[in-house]
Each structure stands twice: as structure tokens, then as C-alpha cells.
1. Does V22 meet the test of being at pLDDT 90 or above, open to solvent by 50 Å² or more (accessible area, probe 1.4 Å) and among the aliphatic types (A, V, I, L, M)?
2. Out of the range 81-107, which residues are open to solvent by less than 90 Å² (accessible area, probe 1.4 Å) and over 18 Å from T67 (Cβ atoms)?
Amino acid sequence: PIYLLLIGLKADGHFERSWMLVSVPMFIAVCTVYLLIAVTTVRIISRSTTRLVRYEWYFTPTLIANTLVLVFVLVLARWMDGEINISVGKVCGPMIALLCFQVLYSFTQD
């Protein structure tokens with residue numbers, strides 16, 4: 001909710017900071033997911049090595065999706081600030097890759 005509020009305030013001109021600062025709540029959310037995955041992985045490893053074999057690829061889709069979202073938010077914030085001059089298609093590239101990944105991953109489910 002804070003992220004959407006900051007986007008609205010920035011778009012209306014009531015928030016004079018950069019788009020990178022507007023994106024800080026999204027960065028915090030993405031980093032929280034990375035932290036939770038790290039803690040869960042350490043707990044799985046510390047409990048038993050037999051479980052690790054079963055879960056070694058368990059978090060890979062989440063890590064890939066999370067990384068693509070992080071790259072998209074970073075590129076979008078820099079593009080909105082005018083720091084980089086690229087086409088909208090290249091800005092949305094990580095989200096298109098995420099969509100393709102999700103479609104391909106859906107076919108691999110049992």
C-alpha cells in the first residue's frame with residue numbers, strides 16, 4: 001500500500017523525490033523475500049542432508065521471479081528519472097521474461 005501511495009503522490013507532483021526513492025518499499029519487499037529464502041534454505045540444510053536433495057531446486061522459480069521483478073523496478077525507476085534513454089520495450093523486458101518463465105514453468109508442474 002505504501003508503494004502505491006508514493007507512486008500516486010509522485011505522479012500527481014506532491015512528492016518531489018526521485019523515482020528511485022519512490023521504489024524503496026518495493027526494494028524492501030524484494031529483499032525480504034531473498035532473506036526469507038536464505039533463512040529457509042539454511043534451516044533445511046541444518047536439519048538434514050536428505051531433505052536438501054529433495055528441496056535443492058525448490059526455491060529456484062521464486063529466486064528467478066524475484067530477481068526479474070527487482071531488475072524491472074530498478075530499470076523502471078532509472079528510466080522514469082531520465083537517467084537512461086532506452087525504449088519502453090527494453091524497460092518492460094524483465095516482466096516479459098517473467099511472463100514467459102511462468103508460462104514455461106507451468107508446463108513442468110506435475
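1. no
2. At the first step, the residues of the range 81-107 found to be open to solvent by less than 90 Å² (accessible area, probe 1.4 Å) are 81-82, 84, 86-89, 91-95, 97-98, 100-103, 105-106.
Selection gives D81, G82, I84, I86, S87, V88, G89, S106.
The values are calculated or read from the model by the stated rules, or taken from the named source; none is laboratory data. Given the structure is predicted, the values throughout are model-derived calculations rather than measurements. As a convention, Cβ positions derive from the backbone with ideal geometry for all residues, glycine included, and neighbour counts pool all protein chains shown. To get the accessible areas, we keep the full protein, side chains included, count just its heavy atoms, and leave off ligands, DNA and RNA. Shrake-Rupley method; radii C 1.70, N 1.55, O 1.52, S 1.80 Å.
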